Amino acid sequence: MQHNILAYDKEIENIIFRIVSHLKGDYGISKRSVATLLLQQDEEMFDLVRRKEKEGYKEIEKMVNDFIQTSKESPSFLISKAQQETSKKIIQKVVSYNKKNSKSIAGIINRITINPITGIPLLLLVLYYGLYQFVGVFGAGTLVDYIESIIFDEHLNPYINDFVNNLIPWKVLSDLFVNEYGIITLGVKYAIAIVLPVVGCFFLMFSIIEDSGYLPRISLLMDRVFKKIGLNGRAVIPMTLGFGCDTMATMVSRTLETKRERVIATFLLALAIPCSAQLGVILALLSGKPKALAVWLIFMVLVFLLVGFLSSKVLPGEKSGFYMELPPLRLPKLKNVLKKTYVRMYWYFREVLPLFVLASVLMWFGDLTGLFQWLVEVIKPVVGLLGLPDKMSEIFLFGFFRRDYGAAGLFDLQSSGILDGRQLVVATATLTLFVPCIAQFTMMIKERGWKTAVAMAAIIFPFAFFAGFVLNRILVQWGINLG
């Protein structure tokens, strides 16, 4: 029986033919299917081909990787697009649609979400109640205040400090676990009291938005804006995930169609997208100062758009098309939302707690050897140019270990009443733009290569302080009172 074979464009067909000619093993499916899965970077198929082809695997792997690197658009995207278009043609031949569906409540809501006139105000409402009120005010405000101030500061930390100091008479060793830079009193406290509530609230809200089918509609709304900065609507997904964890979002950026887009997205994630814990703490810090929050938000959006626009002009390569299938809107299912939230929180917390412990150990070691104080002294002149107190030098060092670690330190600093409104905005803006944390930097090396990752970090570090300096001068020069 003759079957019609799905035809791709000429370049895809040529590489499929070359791969098939090198496949000698028996896979139980057509070798053409094996080739398309390799081009879509299916890890299980790569493992299977490695076992089946043995000596010939390296040649096949090189062939696939060379094509992916030189292709103007992602082969995975081109293959998926052709498959969807063919599927749509087949469905149209055998399925009829009730035209009344377009006038149903679901149809009306769908049009509201994707029409810029109604969709953008709706998106702003979602961001206000979802991010600002739920994550910022409730998560980073109410929950963090209770867990940090009541549970840790009033009950756990004093008891643990007394217990460990009495148990370990050597202060050098006891400082490793408790007191100012202790693993328990600083690292565990930051991870559980400040980061966990904020991350939990963000992932819960993100799971609701994702399960409702609203996320792809945000991609459609933002496509036109993102094209101005060398991306397209598909980049909304890693950018949105970046508000949860920039490390995870950097990994997800591999789904973008071209190398140029993946580099731009990685750079913007490292520079201008705060993770959920950092964002939540910043929202909590600025929520009582509406003018300060507005200045921070406007400044960050302008930096994001300006840097993205300049990157799109500097980096070579063509823009890719945007093609996305919209799933139906639906009421989120509680089981799905809770499961997604749990999985993401488990993944994040498994990653973040060891790094917080490591950061505490490094802080302890740096304080013990004097290295930490030396680095603080090196940073102090730069911090002074930003109009910030010397204590902020420590916060920037915290931010190098993890962005959320630095944000948590800023939260503690603000609680002591050291920063005024202007200093708070400059500090939050600079810390947001500051170098990516160790975990994100490691993922950048893995995804983009060490040369690209180091180049990005080398640009971001001076840019963050320069941007903070400019913002401070504008606020001082214009005499803007931020309360």
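When only residues in the range 368-410 that are surrounded by fewer than 16 Cβ atoms within 10 Å (Cβ to Cβ) and acidic (D, E) count, which is nearest to the chain's Cα centre (by Cα)?
This residue is D390.
Tally up the residues in the range 217-246 that are in contact (Cβ under 8 Å) with a residue 60 or more places away in the chain, in contact with an Asp or Glu (Cβ under 8 Å, 6 or more places away or on another chain) and not in a loop (DSSP other than H, G, I, E, B), please.
Selection size over the range 217-246: 2.
For I150, are the conditions met, namely being in contact (Cβ under 8 Å) with a residue 60 or more places away in the chain, more than 28 Å from the chain's Cα centre (by Cα), assigned to a helix (DSSP H, G or I) and within 30 Å of G200 (Cβ to Cβ)?
When the stated conditions are applied, I150 does not pass them.
Is it the case, given these coordinates, that G468 is loosely packed, with under 14 Cβ neighbours inside 10 Å, more than 22 Å from L371 (Cβ to Cβ) and in the same structural domain as L285 (by TED's automatic domain parsing)? Outline the logic, then answer.
Details: loosely packed, with under 14 Cβ neighbours inside 10 Å: no; more than 22 Å from L371 (Cβ to Cβ): yes; in the same structural domain as L285 (by TED's automatic domain parsing): yes.
No; evaluated as a whole, the condition is false for this residue.
Of (1) of a type in the set (D, E, K, R); (2) in a loop (DSSP other than H, G, I, E, B); (3) at pLDDT 85 or above, E180 satisfies all except one. Which?
Result: E180 fails condition (3) only.
How many of the residues in the range 325-380 are over 19 Å from G406 (Cα atoms), of a type in the set (S, T, N, Q) and touching a residue at least 60 places away in the same chain (Cβ under 8 Å)?
The total comes to 2.
Quick test of your reading of the structure: N65 fulfils all but one of (1) within 29 Å of K259 (Cα to Cα); (2) touching a helix residue (DSSP H, G or I) at 6+ places or on another chain (Cβ under 9 Å); (3) modelled with pLDDT of 85 or more. Name the failing condition by number.
It is condition (2) that N65 fails.
From K289, K227, grab the single residue that is modelled with pLDDT under 85, among the basic types (K, R) and surrounded by fewer than 23 Cβ atoms within 10 Å (Cβ to Cβ).
K289
Yes/no matrix, rows are residues, columns are (1) surrounded by 12 or more Cβ atoms within 10 Å (Cβ to Cβ); (2) modelled with pLDDT of 85 or more:
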| position | (1), (2) |
| --- | --- |
| I108 | no, no |
| Y132 | yes, no |
| D145 | yes, no |
| I151 | yes, yes |
| E154 | no, yes |
| P158 | yes, yes |
| N166 | no, yes |
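Restricting to the range 422-442, and then to whatever is more than 11 Å from F400 (Cα to Cα) and small (G, A, S), can you tell me which residue is surrounded by the most Cβ atoms within 10 Å (Cβ to Cβ)?
A427
The values are calculated or read from the model by the stated rules, or taken from the named source; none is laboratory data. From a predicted model like this one, the values you see are computed outputs, not experimental measurements. Cβ coordinates were reconstructed from backbone atoms using ideal geometry, including for glycine residues, and neighbour counts include every protein chain displayed.
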